[in-house]
Amino acid sequence: MEVKRFWEIKSSGGYNPNYNHLVPRVEDPDFRERMEYLREFSLYRESLNVGQPRAKNTEKFIIEGKLVHGSKYGYDNAIYINSTTEVILYCYKCQKHFYQIAGNHREYGCFACARKDLGARKATKKSEFIRRAKKLHRFNNYDNIIFESCNRKVKNIFCTLCDRYFDSFGEAHINPNKPIGCPYCRRSKAEICAENYLSDNGYKFTAQYTDPTLKLTNVLKIDFMIYINDKMYAVELNGKQHYIQANRSKDMELNRRNFELYQLRDRAKVDWCAERDIPLLVVSYLDFKKIPELIEAFIVENT
Ligand SMILES: [Zn+2]
Ligand SMILES: [Zn+2]
């Protein structure tokens, strides 16, 4: 094939047409042969640029590529035709050839590596999510989660307190000020704070403690039951609604009855603990900032 014939088979139209049809595939049996043609063609084109010192050629393309990408890529088969024609590059990391439009090489490298990097970034996001989530939700298990990103619903979080799976919006789940946890347990920030304190200090305890004898009409729960030397110590964290009537409903009679129920339940818990000689610490919402100190003082005082 005469070198001149390349002109005849150049791509149709356009200001800067590409010559991709001349670039052989590495797996082609006549790859070497066709590369020779391509090299001749590039030299022929280069010869047309004599007197234009800034015109790009293979040599300049390779120098620039190495300047931008260092020693990541091999250029043994790189032949520069023009900015819109593919160049054959070799990725040392993937140990594979790849094709790239010459004009894109300054900005981009190997596509496979780029995809892997993206995957890795996603993976660190996932592990970072789990790390932060575990600090806030100690009783959750993240082994089977389906994680896309923190801006999406994270699926399949397992709550070991109620043995249920739930989904949660990533950001909301790890929000340090108002972490949204298991919707079935509805753990408050105060509970999480107490839980972390007890876990960090190696206490044995049950969250949401229940006992068949502890009930009003329904079974009641004590927020934390701590076990020290076969003795039990109860901790209740009482939000505002325990002290001030929360008018959540338009029905004021309902609001009043609900508030009364809070007081009856609280009274029942105090009595239940007193009857069994179980020391009880009730932390009011006004003291939620001091939960660790209050629990510590309570334990020291009663053991
Ligand atoms: Zn690569
Ligand atoms: Zn739960």
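The values are calculated or read from the model by the stated rules, or taken from the named source; none is laboratory data. From a predicted model like this one, the values you see are computed outputs, not experimental measurements. Here Cβ is always computed from backbone atoms with ideal geometry, including for glycine, and neighbour counts include all displayed protein chains.
Miscellaneous remarks
- Subset tally (residues that are among the hydroxyl-bearing types (Ser, Thr, Tyr) and either in contact with a Phe, Trp or Tyr (Cβ under 7 Å, 6 or more places away or on another chain) or loosely packed, with under 15 Cβ neighbours inside 10 Å (or both)) for the range 69-88: 4
- Evaluation of Ala207 against the conditions (1) away from ligand 2 (no atom under 16 Å from the Cβ); (2) surrounded by 17 or more Cβ atoms within 10 Å (Cβ to Cβ) shows that the sole unmet condition is (1).
- Top-ranked residue in the range 106-145 [being within 10 Å of the chain's Cα centre (by Cα) and more than 27 Å from Phe205 (Cβ to Cβ); ranked as farthest from ligand 2 (Cβ to nearest atom)]: Arg121
- Unmet criterion (only one of (1) within 16 Å of ligand 1 (Cβ to nearest atom); (2) assigned to a loop (DSSP other than H, G, I, E, B); (3) more than 35 Å from the chain's Cα centre (by Cα)) for Tyr80: (1)
- Residue pairs meeting the criteria (Cβ under 7 Å; at least 6 apart or on separate chains; first farther than 22 Å from Cys193 by Cβ, in the range 228-254; second exposed (fewer than 14 other Cβ atoms within 10 Å of the Cβ)): Gln245/Arg256
- Residue within the range 221-243 that is under 31 Å from the mean Cα position of the chain (by Cα) and part of a helix (DSSP H, G or I) present: no
- Residue match in the range 37-49 (condition: away from ligand 2 (no atom under 16 Å from the Cβ), more than 22 Å from Asn16 (Cα to Cα) and touching a residue at least 40 places away in the same chain (Cβ under 8 Å)): no
Yes/no per residue for (1) within 16 Å of ligand 1 (Cβ to nearest atom); (2) of a type outside the set (A, V, I, L, M); (3) in a loop (DSSP other than H, G, I, E, B); (4) surrounded by fewer than 17 Cβ atoms within 10 Å (Cβ to Cβ):
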| position | (1), (2), (3), (4) |
| --- | --- |
| Glu40 | no, yes, no, yes |
| Tyr44 | no, yes, no, yes |
| Gly51 | no, yes, yes, yes |
| Phe61 | no, yes, no, no |
| Glu64 | no, yes, no, yes |
| Leu67 | no, no, no, yes |
| Tyr90 | yes, yes, no, no |
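- Being among the hydrophobic types (A, V, I, L, M, F, W, C) and loosely packed, with under 14 Cβ neighbours inside 10 Å is a property that Leu198 lacks.
- The range 164-184, subset in the same structural domain as Phe129 (by TED's automatic domain parsing) and near ligand 2 (Cβ under 8 Å from one of its atoms), residue surrounded by the fewest Cβ atoms within 10 Å (Cβ to Cβ): Arg164
- Helices (runs of 4 or more DSSP H) lying entirely in the range 109-216 (those with 2 or more residues that are within 16 Å of ligand 1 (Cβ to nearest atom)): 111-136
- For the range 254-303, the set of residues classified as acidic (Asp, Glu) and farther than 26 Å from Pro212 by Cβ consists of Asp287, Glu293, Glu296, Glu301, listed by residue number.
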